[in-house]
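*Asks:* Below: one structure in structure tokens.
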Amino acid sequence: MSYFEIPPFTDKGDPVSYGQAGGGEGGKGGDAKTLMPTGPQASFKNVKTLSDGTHVSVVTLDGKKSGFKGKVWVWAPKEYTDDPKFASSGFPVMIALPGGPGNDSNYWSVGEFKQSKTSTESYSLEKSISTWYQQGKSKPFLLAMPILNPGPDDKGIYWDGSDIPDQPKMGTWLTEDVPDLMKANFRTIKSRDGWSYMGSSTGGFASLKSVLKHPDKFKTAIANGPDIVPDSPLWRGHEKEKAENNPEVLAKQLAATKGPDVYIAFQYGTKENAKMIADVKKFMATYGKGPVHTKLWEIPGGTHNAGTYLSNMAEPTKWISDQMEGPTPSS
């Protein structure tokens, strides 16, 4: 009955609370680095209960700043909800972005992935974060997994995670509204040291670009098999705005202002598109200096898919985690 999600043998759709009441409105409590939940509390509904008792839940977010309305899936590790020493501690946030259409789902939210078609072991992002934390390779990230596009990309149309003129403001959605949802409902880190992106393909581009465009808000990103420059056909006639969302231009500007420092971990499989591989290497050689810190992980025999990336992501995650804050145990 539980397998077929027939009530009362399933908790799918049940309300999920992450203890938002912690510090109350206005963010009282916690240490100097912690932002307590600011409210208002969102109506999260359970999508999946993991074997450790943690929940992946979903809410439809009416983005106040972007004007865009869409789904965001969230997950908090066991350390957030159950560990007394972190009961008033701020946790770092990873905003995980999919590739592909990304308009009605986010495959990181409940996806079980395999490294290859012949492998037997399956991975999920949530289980991986928990395992890597136990191994000392990851922060115990809170995960925010929003939709990436306002519509399907089946006609070669996509939005580059950006505010393209006359289109839904997906850049503001990803860098303002989604972080605001996390701040409203969870104990987070006040500074940019607690904020990261991870994405694949077009989500990898959006992750790279968001950190370079807003280095005051975000410090790190993992970009898997990413595009390096904006290439949506919707940019036609908007060259100025396109340049403002170009990682090459943004990295050059960051170098000119001498910071703040950002850390970009690149990952791709050796069997991926040759142009993308060349573009990543060129970006690192040209812009991976000064405040733009880059590191590359090549996956031998790897192809352009989430399973390949996730099963090899422990070391990139450790590298970005080493640059980040939290949670600090309460005294």
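*Asks:* Is it true that Lys64 is more than 17 Å from Glu176 (Cβ to Cβ) and in contact (Cβ under 8 Å) with a residue 12 or more places away in the chain?
*Replies:* Working: more than 17 Å from Glu176 (Cβ to Cβ): no; in contact (Cβ under 8 Å) with a residue 12 or more places away in the chain: yes.
It is false that Lys64 is more than 17 Å from Glu176 (Cβ to Cβ) and in contact (Cβ under 8 Å) with a residue 12 or more places away in the chain.
*Asks:* Can you name the residue in segment 21-47 that is of a type in the set (Lys, Arg) and either loosely packed, with under 12 Cβ neighbours inside 10 Å or modelled with pLDDT of 95 or more (or both) and, of all such residues, is farthest from Pro77 (Cα to Cα)? Let's see the steps before the verdict.
*Replies:* Of segment 21-47, the ones of a type in the set (Lys, Arg) are 28, 33, 45.
Right, trim to either loosely packed, with under 12 Cβ neighbours inside 10 Å or modelled with pLDDT of 95 or more (or both) and you get 28, 45.
Numbers: Lys28: 23, Lys45: 17 Å.
Filtering first and then ranking leaves Lys28.
*Asks:* If a residue has to be β-branched (Val, Ile, Thr) and not in a helix (DSSP H, G or I) to count, how many in segment 175-218 make the cut? Reasoning before the result, please.
*Replies:* Going through segment 175-218, the residues β-branched (Val, Ile, Thr) turn out to be 175, 178, 188-189, 202, 211.
Remaining after also requiring not in a helix (DSSP H, G or I): 188-189.
Residues in segment 175-218 being β-branched (Val, Ile, Thr) and not in a helix (DSSP H, G or I): 2 in total.
*Asks:* Could I ask something else about it? Check Lys127, Lys139 and return the single one that is surrounded by 18 or more Cβ atoms within 10 Å (Cβ to Cβ), under 14 Å from Pro77 (Cα atoms) and of a type in the set (Lys, Arg).
*Replies:* Details: Lys127 fails: surrounded by 18 or more Cβ atoms within 10 Å (Cβ to Cβ).
That would be Lys139, the only listed residue that is surrounded by 18 or more Cβ atoms within 10 Å (Cβ to Cβ), under 14 Å from Pro77 (Cα atoms) and of a type in the set (Lys, Arg).
*Asks:* Please verify whether segment 69-80 includes one or more residues that are surrounded by fewer than 23 Cβ atoms within 10 Å (Cβ to Cβ), touching a Phe, Trp or Tyr at 6+ places or on another chain (Cβ under 7 Å) and either free of Cβ contacts under 8 Å to residues at least 40 places away in the same chain or closer than 23 Å to Asp322 by Cα (or both).
*Replies:* Yes; the residues of segment 69-80 include at least one that is surrounded by fewer than 23 Cβ atoms within 10 Å (Cβ to Cβ), touching a Phe, Trp or Tyr at 6+ places or on another chain (Cβ under 7 Å) and either free of Cβ contacts under 8 Å to residues at least 40 places away in the same chain or closer than 23 Å to Asp322 by Cα (or both).
*Asks:* Now, a different point. Give the residues of segment 36-54 that are outside any loop (DSSP other than H, G, I, E, B) and in contact with a Phe, Trp or Tyr (Cβ under 7 Å, 6 or more places away or on another chain), sorted by residue number. Write out each step before concluding.
*Replies:* Here is the first cut: in segment 36-54, the residues outside any loop (DSSP other than H, G, I, E, B) are 45-49.
Within segment 36-54, just Val47 meets the criteria.
*Asks:* Has segment 230-246 got any residue that is in contact with a helix residue (DSSP H, G or I) (Cβ under 9 Å, 6 or more places away or on another chain), buried (at least 22 other Cβ atoms within 10 Å of the Cβ) and hydrophobic (A, V, I, L, M, F, W, C)?
*Replies:* No: segment 230-246 contains no residue that is in contact with a helix residue (DSSP H, G or I) (Cβ under 9 Å, 6 or more places away or on another chain), buried (at least 22 other Cβ atoms within 10 Å of the Cβ) and hydrophobic (A, V, I, L, M, F, W, C).
*Asks:* Let me ask you something else. Could you please give the count of residues in segment 277-302 that are out of contact with any strand residue (DSSP E or B) (no Cβ under 7 Å at 6 or more places or on another chain) and not in a loop (DSSP other than H, G, I, E, B)?
*Replies:* Residues in segment 277-302 being out of contact with any strand residue (DSSP E or B) (no Cβ under 7 Å at 6 or more places or on another chain) and not in a loop (DSSP other than H, G, I, E, B): 8 in total.
*Asks:* Restricting the first residue to segment 296-322 and requiring it to be among the acidic types (Asp, Glu), which pairs with a second residue that is at pLDDT 95 or above meet a Cβ separation below 7 Å and a spacing of at least six or different chains?
*Replies:* Glu298/Tyr268; Glu298/Thr270; Glu315/Trp297
*Asks:* Looking at (1) buried (at least 23 other Cβ atoms within 10 Å of the Cβ); (2) part of a loop (DSSP other than H, G, I, E, B), which one does Ser119 not meet, given that it meets all the others?
*Replies:* Failing condition for Ser119: (1).
*Asks:* Let me ask another. So, Tyr158, is that one of a type in the set (Phe, Trp, Tyr), in contact with a Lys or Arg (Cβ under 9 Å, 6 or more places away or on another chain) and in contact (Cβ under 8 Å) with a residue 60 or more places away in the chain or not? Can you show your working first?
*Replies:* Details: of a type in the set (Phe, Trp, Tyr): yes; in contact with a Lys or Arg (Cβ under 9 Å, 6 or more places away or on another chain): no; in contact (Cβ under 8 Å) with a residue 60 or more places away in the chain: yes.
In short, no.
*Asks:* Right, something else. Condition check: crowded, with 22+ Cβ neighbours inside 10 Å, modelled with pLDDT under 95 and on the phi > 0 side of the Ramachandran plot. Does Gly326 satisfy that? I'd like the intermediate steps shown before the answer.
*Replies:* Numbers: crowded, with 22+ Cβ neighbours inside 10 Å: yes; modelled with pLDDT under 95: yes; on the phi > 0 side of the Ramachandran plot: yes.
Taking the combined requirement at face value, the residue satisfies it.
*Asks:* Out of curiosity, is Thr175 without any contact (Cβ under 8 Å) to a residue 60 or more places away in the chain, within 21 Å of Ser321 (Cα to Cα) and buried (at least 24 other Cβ atoms within 10 Å of the Cβ)?
*Replies:* Details: without any contact (Cβ under 8 Å) to a residue 60 or more places away in the chain: yes; within 21 Å of Ser321 (Cα to Cα): yes; buried (at least 24 other Cβ atoms within 10 Å of the Cβ): yes.
Taking the combined requirement at face value, the residue satisfies it.
*Asks:* Go through the residues of segment 90-112 one by one and say whether even a single one is under 14 Å from Met313 (Cβ atoms), in contact (Cβ under 8 Å) with a residue 60 or more places away in the chain and among the polar types (S, T, N, Q).
*Replies:* No, segment 90-112 contains no residue that is under 14 Å from Met313 (Cβ atoms), in contact (Cβ under 8 Å) with a residue 60 or more places away in the chain and among the polar types (S, T, N, Q).
*Asks:* Related question: Closer than 29 Å to Lys117 by Cβ, surrounded by fewer than 16 Cβ atoms within 10 Å (Cβ to Cβ) and touching a residue at least 24 places away in the same chain (Cβ under 8 Å): is that true of Thr270 in this structure? Write out each step before concluding.
*Replies:* Values: closer than 29 Å to Lys117 by Cβ: yes; surrounded by fewer than 16 Cβ atoms within 10 Å (Cβ to Cβ): yes; touching a residue at least 24 places away in the same chain (Cβ under 8 Å): yes.
Yes; evaluated as a whole, the condition is true for this residue.
*Asks:* Run down Ser232, Ser191 and say which single residue is out of contact with any strand residue (DSSP E or B) (no Cβ under 6 Å at 6 or more places or on another chain) and under 23 Å from Gly99 (Cβ atoms).
*Replies:* Numbers: Ser191 fails: under 23 Å from Gly99 (Cβ atoms).
Testing whether each residue is out of contact with any strand residue (DSSP E or B) (no Cβ under 6 Å at 6 or more places or on another chain) and under 23 Å from Gly99 (Cβ atoms) leaves just Ser232.
*Asks:* Among the numbered criteria (1) of a type in the set (Gly, Ala, Ser); (2) assigned to a loop (DSSP other than H, G, I, E, B); (3) at pLDDT 95 or above, which one does Ser57 miss?
*Replies:* Failed condition: (2).
*Asks:* A follow-up question, please. Considering only residues that are among the charged types (D, E, K, R), in a loop (DSSP other than H, G, I, E, B) and at pLDDT 95 or above, which ones fall in segment 151-174? Break it down into steps so the answer makes sense when it comes.
*Replies:* Here is the first cut: in segment 151-174, the residues among the charged types (D, E, K, R) are 153-155, 160, 163, 166, 169.
Restricting the remaining residues to those that are in a loop (DSSP other than H, G, I, E, B) gives 153-155, 160, 166.
Matches in segment 151-174: Asp160, Asp166.
*Asks:* Tally the residues that are under 15 Å from the mean Cα position of the chain (by Cα) and not small (Gly, Ala, Ser), restricting the search to segment 95-113.
*Replies:* The qualifying residues number 7.
The values are calculated or read from the model by the stated rules, or taken from the named source; none is laboratory data. For clarity, every value in this text was computed on a predicted model and none was experimentally measured. Don't worry about glycine lacking a Cβ; one is built from the backbone with ideal geometry, like all the others, and counts go over all protein chains shown.
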